[in-house]
1. Just to be sure, is Phe204 surrounded by fewer than 20 Cβ atoms within 10 Å (Cβ to Cβ) and under 17 Å from the mean Cα position of the chain (by Cα)?
2. Of all the residues that make up the range 152-174, how many are outside any helix (DSSP H, G or I) and either among the small types (Gly, Ala, Ser) or crowded, with 16+ Cβ neighbours inside 10 Å (or both)?
3. Within the range 1-32, how many residues are part of a loop (DSSP other than H, G, I, E, B) and in contact with a strand residue (DSSP E or B) (Cβ under 8 Å, 6 or more places away or on another chain)?
4. Can you name every residue in the range 216-254 that is small (Gly, Ala, Ser) and in a helix (DSSP H, G or I)?
5. Output the number of the condition that Glu49 fails; it satisfies all remaining conditions of (1) exposed (fewer than 13 other Cβ atoms within 10 Å of the Cβ); (2) outside any loop (DSSP other than H, G, I, E, B); (3) under 22 Å from the mean Cα position of the chain (by Cα).
6. Could you check, for the range 272-291, whether at least one of its residues is over 30 Å from Leu100 (Cβ atoms) and either among the polar types (S, T, N, Q) or touching a residue at least 60 places away in the same chain (Cβ under 8 Å) (or both)?
7. So which residues in the range 314-352 are β-branched (Val, Ile, Thr) and modelled with pLDDT of 95 or more, if there are any at all?
8. In the range 52-78, how many are under 30 Å from Lys111 (Cβ atoms), of a type outside the set (Phe, Trp, Tyr) and surrounded by fewer than 17 Cβ atoms within 10 Å (Cβ to Cβ)?
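The values are calculated or read from the model by the stated rules, or taken from the named source; none is laboratory data. Predicted model only: the values in this text are computed from it and were never measured. Counting neighbours? That spans all protein chains shown, and the Cβs are built from the backbone with ideal geometry, glycine included.
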Amino acid sequence: MSSFLYDVCVIGGGGHVGFPLGLMFASKNKKTVLYDLNKEILNKIKKAEIPFKEDFAKTYLKKYKKNIFLSSDFEILSKCKFLVVCIGTPVNKLTLEPELKPFYDFFFKLKKKIKKDQHIVIRSSVQIGSIKKIYNILSKKNKNITYCPERIVQGKSLKELPALPQIISGYSINSLSEVKKLFKKICRKIILTSVVEAELIKLFTNSYRYINFSISNQLFMMCEQLGINFKEIRKKMREGYERTFAMPSAGFAAGPCLLKDTLQVSNYFDHKFTLGNAAIDINENLPNFLFKRLKQKFNLKKKIVGVLGMSFKAETDDIRDSLSIKFIEILKKNNIKYMQSDEYYKNINNVSIEHLIKKSHIIIIGVPHKKYKLIKIPKNKFIINLWDY
């Protein structure tokens, strides 16, 4: 019989990665602790409220609540067999350097509480070599360190977790075996790798996607300078030609992983990640490019600019690293009147879609929420819609 009161503790269990993962473990009859310092989020979950948009989360929370336990008490961690760490690893907004000290500090604190038969599963996106550093911090007390990076699309976790292969790496054969059995309950396929391979798989995947978005964004900017419609060019490039079919649309490529992971690779290699650096420059400067184009075309002091969509991608309420927000900051800095609206992100400054369309002279579709496909915008409005509709 287990000496632990709980099977799994998800550290950062109120977050975008940890919360759906905890729900998934709970659905497999695992006594699951959602540990989070954000008591406001835990109180929402306690009241069966979903803290952010996540498909099927309300159903899971209601159905498996008997297996879910909420806590902000650090002492509870010693009572759980598996500790799954889903702590954020942000990048400094000014220096664009990874801020990993708080991340490592957590493990120095954890070292005082863990038992040798617990399993520490790290799920956060980390810098190359980070898992080895964590192993060095904890190994005198516990060598059961595994790295199992998440690769889900935000908002679709409960659908994707069972379908996507899970990367598992670590230093202890026993822990690899135990963690493999744990994830086998929620994933169809397990892929075993070395620790450094797992770190690179996570970082390279997001860097690859981010670079691909930058290609379309730069081609869009070139078309703009030529007075050519990039969407039409892309459509004709892809028609009946498989080699270009995967080419993404242009748009505000952003979010808490794509930019951050590209930055982490660049930082590790002394900022000599040429493609990654170029992608960052292209994607992050798209709002500046659009503003300059509008400034050339209009007297913006006499216009109202409406921004439809504030989140970093479609069908989510998460605004982290949103380029729509960055675009609005540019408008504010230049004292341009603006309006904003979003289907999911709630903000006191938001107006209705109808009001925005009626009052704005220029309309930017910053995020391709599905509802925006159905909007009828009068022909006397100037529209910038980068997306594929």
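1. Numbers: surrounded by fewer than 20 Cβ atoms within 10 Å (Cβ to Cβ): yes; under 17 Å from the mean Cα position of the chain (by Cα): yes.
Taking the combined requirement at face value, the residue satisfies it.
2. 14
3. To start, the set of residues in the range 1-32 that are part of a loop (DSSP other than H, G, I, E, B) comprises 1-5, 12-17, 28-31.
Subsequent filtering for residues that are in contact with a strand residue (DSSP E or B) (Cβ under 8 Å, 6 or more places away or on another chain) retains 2, 4-5, 12-14, 30-31.
Residues flagged as part of a loop (DSSP other than H, G, I, E, B) and in contact with a strand residue (DSSP E or B) (Cβ under 8 Å, 6 or more places away or on another chain) within the range 1-32 amount to 8.
4. Ser216
5. Here Glu49 clears every test but (2).
6. Among the residues of the range 272-291, at least one is over 30 Å from Leu100 (Cβ atoms) and either among the polar types (S, T, N, Q) or touching a residue at least 60 places away in the same chain (Cβ under 8 Å) (or both), which makes the answer yes.
7. Hits for the range 314-352 are Ile325, Ile328, Ile330, Ile336, Ile348, Val351.
8. Total satisfying the criteria: 4.
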